[in-house]
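Visitor: Here it is, the structure, as structure tokens.
The values are calculated or read from the model by the stated rules, or taken from the named source; none is laboratory data. Not measured: the values here are computed from a predicted model. As a convention, Cβ positions derive from the backbone with ideal geometry for all residues, glycine included, and neighbour counts pool all protein chains shown. Just so you know, the surface numbers come from the protein's heavy atoms only, side chains and all, with ligands and any DNA or RNA stripped out. Shrake-Rupley method; radii C 1.70, N 1.55, O 1.52, S 1.80 Å.
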Amino acid sequence: MVVCGDDGLAHRLAAELRGVYREQVTLVVPPSGPRVRQPVVGRARAASAALRDMVSAAVNRSGNGAPEGGEPSGAGRELEAAEPTDEVLAQAGVDRAAALALVYDDDETNIRAALAARRLNPRLRLVLRLYNRRLGRHIEELLDQSAALATGDTRDAGLDGAGTSTTVLSDADTAAPALAATALVGTSKVVETDGLLLRAVERQPPRPGEVADPGLCTLALLSATSNDPAGADGSEGSGEQGPQLLPDAAAAEAATGRGTVVLEQVSYSGPPLPAVRAGVPPFGELFSRRLRWSLAGLGACVVALAVALMVVTGDHPLHATYVTLLDLFAINEPAHNEDSGRQVLQLLSGFVGLLLLPVLLAAVLEALGTFRSATALRKPPRGLGGHVVLLGLGKIGTRVLTRLREMDIPVVCVEADPEARGMATARRLRVPVVLGDVTQEGVLEAAKIHRAHSFLALTSVDTTNLEAVLYARSVRSRLRVVLRLYDDDFATAVYRTLRAAHPGALTRSRSVTHLSAPAFAGAMMGRQILGAIPVERRVLLFAAVRVAGHPQLEGRTVGEAFRAGAWRVLALEVCGDASGNASEGEARQGSRLVWELPDTYVLRGEDRVVLAATRRGLAELLGRRARQGTGP
């Protein structure tokens, strides 16, 4: 295995492959000499390490334990190179490798290296990190087609990846569901892919005499110290007190006083929400509320005058309305020879016409202002409350903003750079944005932080996120906060400290590399990883697997295939006739998922299932099959 990158994702991915899958990994990273400018995340990591030491000392933290799967075995080597050129890739052994991951922060660098690697080894399994999803789909097709022509094998690669395949992933897309889900009421974990929506929720321990609702299935038991702010919840050194993934029925029933993570709802998310129209805005947005009331009042006056004229003169309703409008706009003949009732109505109509002129002028000015500001940034409306304040519109923040708007959650963004990547998305979605440095007083207040439901700090600088969260806590102590932190150990330390200081508030700290590395590692091993759900400091993976070739699944019932703490079959993919014998193309077009399978259902070789698994369990289940591909 070869991993090339220039930030923490490369190191985390290499550790995942070594520690969980026990693979020999060659890591290619930029040189650490003084002449090479370190990336922003590198500087942020150094700052995070310094802050982590101070925070750890504050809570007397002696260590966080080893990551799941043990420490990296150290198998492999590390090369230093400024760019992944042909010579560097050849030196790393790409021509003999089974898989190559290109996780540079720059999309162009990853594409150039992928093209060069495909020339060196047409049978190489490629995993690319690209932010541009549309470009990623075209790159997948291009690289797979070139490999098929070079090898003479035009068959589609299997689901478990024995053979040539190209997978394009985005760390932003992988981490965004877990970050955005914290803004959902009652839902803390979400996995979404290809129209499939999985929701998992944390449930508190039942009260005496109550029976906890298991949902569709129990995914995990939370740590026994979750109610203790100073407890080592989520750390791998907690032993039996730590979280338990995929417990069996006996363990779930015997666990008293422990919260659970259960699968609450499974459904198809359907087509994405349509984009906001770029044409005429709705009437409610075109004019202000005060102007709408003024127009309604003038309309009522016109109707009343027309009815009065019809009663006084006995005219037809249409003719009475026509005459009233003529009087309103002062283009009718004076009623010199008419009776007094008709003269009074004409005077009243003229007076209403005088009132109509400024209202019409105000309507024109407001409409022009609305069209002019349609592409400009919006300000938070007055009286806004119960919204989500999102700090940072970079790669991660932009993806999280899109997810929140798809769930119809009101959002107010805070960004210091007017040219940030997500500013165009905020304009398109008509999301209010506050421009300013969040460390300056008054910026978060302008975002209505004192009335917000939750606060997501997602900039690329750990110190900025931490400072913003601490200030937000001082404004509203029980505010739900989520931090994006670069270093996972630092995220754990900050999480424990904030929980100790504010035990009554909900706090979450997330490392993007920690959330996205399992999906990248699974793709390198040739699996289709649907998503990852964090359970405290551990990760639960969701994967699509074809049963054929796996003796732990094939020919066994769903109950027999379940292994506590390792994997659990959740759903079976079948076509519209529920026969399960459709071709791959038909399955992609008309397949559906069947949930709550009976334990007596026998898994057949042609079945395709969705399962939840730990990283170590997935490696054990699919490791043998993944090694049947090409490479050493």
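Visitor: When you check residue 415 against the structure, is it under 25 Å from residue 484 (Cβ atoms) and under 23 Å from the mean Cα position of the chain (by Cα), yes or no? It would help to see each step written out before you state the result.
Guide: Numbers: under 25 Å from residue 484 (Cβ atoms): yes; under 23 Å from the mean Cα position of the chain (by Cα): yes.
Criteria met by residue 415.
Visitor: Within region 577-592, is even one residue modelled with pLDDT of 90 or more, part of a loop (DSSP other than H, G, I, E, B) and open to solvent by less than 60 Å² (accessible area, probe 1.4 Å)?
Guide: no
Visitor: When both residues are 6+ apart or on different chains and their Cβ atoms are under 6 Å apart, which pairs have a first residue that lies in region 459-477 and is farther than 23 Å from residue 423 by Cβ and among the polar types (S, T, N, Q), and a second that is open to solvent by 20 Å² or more (accessible area, probe 1.4 Å) and in a loop (DSSP other than H, G, I, E, B)?
Guide: Qualifying pairs under 6 Å: 477/502.
Visitor: Hey, can you tell me all the residues within region 422-446 that are outside any loop (DSSP other than H, G, I, E, B) and crowded, with 18+ Cβ neighbours inside 10 Å?
Guide: Filtering region 422-446 for residues outside any loop (DSSP other than H, G, I, E, B) gives 423-428, 432-435, 443-446.
Within region 422-446, 423, 425, 426, 432, 433, 434, 443, 444 qualify.
Visitor: Filtering region 536-556 down to residues that are at pLDDT 80 or above and open to solvent by 30 Å² or more (accessible area, probe 1.4 Å), which residue is nearest to residue 600 (Cα to Cα)?
Guide: Once the filter is applied, the top-ranked residue is 556.
Visitor: I would also like to ask the following. Find the residue count for region 541-558, including only residues that are more than 18 Å from residue 614 (Cα to Cα) and not aliphatic (A, V, I, L, M).
Guide: Qualifying residue count, region 541-558: 6.
Visitor: Can you tell me which residues in region 225-260 are part of a loop (DSSP other than H, G, I, E, B), within 21 Å of residue 533 (Cβ to Cβ) and at pLDDT 65 or above?
Guide: Within region 225-260, 242, 243, 246, 247, 248, 255, 258, 259 qualify.
Visitor: Related question: Mind listing whichever residues of region 79-104 are assigned to a strand (DSSP E or B) and open to solvent by 20 Å² or more (accessible area, probe 1.4 Å)?
Guide: Answer for region 79-104, where residues must be assigned to a strand (DSSP E or B) and open to solvent by 20 Å² or more (accessible area, probe 1.4 Å): 79, 80.
Visitor: When you go through (1) open to solvent by 70 Å² or more (accessible area, probe 1.4 Å); (2) at pLDDT 90 or above; (3) over 26 Å from residue 20 (Cβ atoms) one by one for residue 54, which number turns out not to apply?
Guide: So the condition that residue 54 fails would be (2).
Visitor: Say we look at region 506-535 and pick out the residues that are surrounded by 24 or more Cβ atoms within 10 Å (Cβ to Cβ) and in a loop (DSSP other than H, G, I, E, B); which of these is modelled with the lowest pLDDT?
Guide: 527
Per-residue answers, yes or no, for (1) more than 21 Å from residue 105 (Cα to Cα); (2) of a type in the set (A, V, I, L, M, F, W, C); (3) touching a residue at least 60 places away in the same chain (Cβ under 8 Å); (4) touching a Cys at 6+ places or on another chain (Cβ under 9 Å):
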{"site": "384", "(1), (2), (3), (4)": "yes, yes, yes, no"}
{"site": "392", "(1), (2), (3), (4)": "no, no, yes, yes"}
{"site": "399", "(1), (2), (3), (4)": "no, no, yes, no"}
{"site": "417", "(1), (2), (3), (4)": "no, no, no, no"}
{"site": "426", "(1), (2), (3), (4)": "yes, yes, no, yes"}
{"site": "430", "(1), (2), (3), (4)": "yes, no, yes, no"}
{"site": "433", "(1), (2), (3), (4)": "yes, yes, no, yes"}
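Visitor: Going through 327, 339 one at a time, which residue ends up being farther than 30 Å from residue 475 by Cα, surrounded by 17 or more Cβ atoms within 10 Å (Cβ to Cβ) and of a type in the set (Asp, Glu)? Working first, answer last.
Guide: Values: 339 fails: surrounded by 17 or more Cβ atoms within 10 Å (Cβ to Cβ).
The conditions single out 327.
Residue-wise test of (1) touching a Pro at 6+ places or on another chain (Cβ under 9 Å); (2) touching a residue at least 40 places away in the same chain (Cβ under 8 Å); (3) assigned to a helix (DSSP H, G or I); (4) of a type in the set (A, V, I, L, M).
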residue: 296; (1), (2), (3), (4): no, no, yes, yes
residue: 306; (1), (2), (3), (4): yes, no, yes, yes
residue: 321; (1), (2), (3), (4): no, no, yes, no
residue: 326; (1), (2), (3), (4): no, no, yes, yes
residue: 335; (1), (2), (3), (4): no, no, no, yes
residue: 353; (1), (2), (3), (4): no, no, yes, no
residue: 356; (1), (2), (3), (4): no, yes, yes, yes
residue: 364; (1), (2), (3), (4): no, no, yes, yes
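Visitor: Run residue 47 past the list (1) modelled with pLDDT of 70 or more; (2) buried (at least 16 other Cβ atoms within 10 Å of the Cβ) and report the number of the one that doesn't hold.
Guide: Only one criterion is unmet by residue 47, namely (1).
Visitor: Oh, and also: Can you tell me which residues in region 469-505 are under 20 Å from the mean Cα position of the chain (by Cα), modelled with pLDDT of 80 or more and open to solvent by 10 Å² or more (accessible area, probe 1.4 Å)?
Guide: 480, 484
Visitor: Taking the condition of being over 14 Å from residue 353 (Cβ atoms) and loosely packed, with under 13 Cβ neighbours inside 10 Å, how many residues in region 298-311 meet it?
Guide: Summing the residues that are over 14 Å from residue 353 (Cβ atoms) and loosely packed, with under 13 Cβ neighbours inside 10 Å in region 298-311 gives 3.
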